[in-house]
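S.K.: Would you mind keeping the following structure in view while I ask a few things?
Values quoted throughout were computed directly from the atomic coordinates according to the rules given, and no laboratory measurement underlies them. Being a predicted model, the structure only gives us computed values, none of them experimental. We place every Cβ from the backbone using ideal geometry, glycine too, and count neighbours over all the protein chains shown.
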Ligand SMILES: [Zn+2]
């Protein structure tokens with residue numbers, strides 16, 4: 001799913017509710033984890049081989065440079081794609097549950113290469129905490145952005 005304009009779900013509310021995990025039973029987590037890994041590996045392969053499925057992907061790339069995410073009616077944040085390999089994992093409870101359900105070998109061989117996005121420091125938030133989201137999570141709520149200078153005819157506001 002791609003970014004939806006005007007989407008106003010307070011995503012931090014979703015992120016900070018650990019009880020999400022308890023809604024899913026172990027076998028369900030395993031199924032979801034397998035689907036998640038397969039999708040991520042397929043998308044990475046499509047990126048390498050430049051197999052875009054639509055004009056949106058052709059323009060922004062399969063893993064866009066950044067996302068703008070409306071975290072509440074008052075707060076818009078910018079998430080920037082991090083270089084691989086990295087040691088980051090997505091902060092949403094479901095993604096963390098999936099990560100911890102995997103053997104160490106898979107964690108260490110796969111996750112450093114999965115695209116993740118880290119929230120840029122927010123000047124207007126007191127004692128701002130860091131937040132990292134995987135592509136699968138950030139793309140549901142965020143608006144994609146191109147690398148500054150690579151967007152023809154549009155001034156970057158990053
Ligand atoms: Zn995630």
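S.K.: Need one number: nm distance between label points at residue 147 and residue 28, each 7 Å from Cα along Cα→Cβ, rounded to one decimal.
M.R.: Computed distance between label sites residue 147 and residue 28 equals 4.1 nm.
S.K.: Across every pair of different alpha-carbon atoms, what Kirkwood hydrodynamic radius in Å does segment 53-113 reach?
M.R.: Taking the inverse mean of 1/r over all distinct Cα pairs, segment 53-113 comes out at 14.0 Å.
S.K.: Also: How far is it, in nm, from the label point at residue 128 to the one at residue 76 when both lie 7 Å from their Cα along the line to the Cβ?
M.R.: Label-label distance for residue 128 and residue 76, simple model: 1.5 nm.
S.K.: Same structure, new question: So what is the diffusion coefficient of segment 17-145 in µm² per second by Stokes-Einstein at 25 °C and 0.890 mPa s, using a Kirkwood Rh over Cα pairs?
M.R.: On the way: Rh = 15.7 Å.
It comes out at roughly 156 µm²/s.
S.K.: Round to a whole angstrom and tell me the spacing of the C-alpha centers of segment 121-148 and segment 60-86.
M.R.: First find each Cα centre; the distance between them is then 4 Å.
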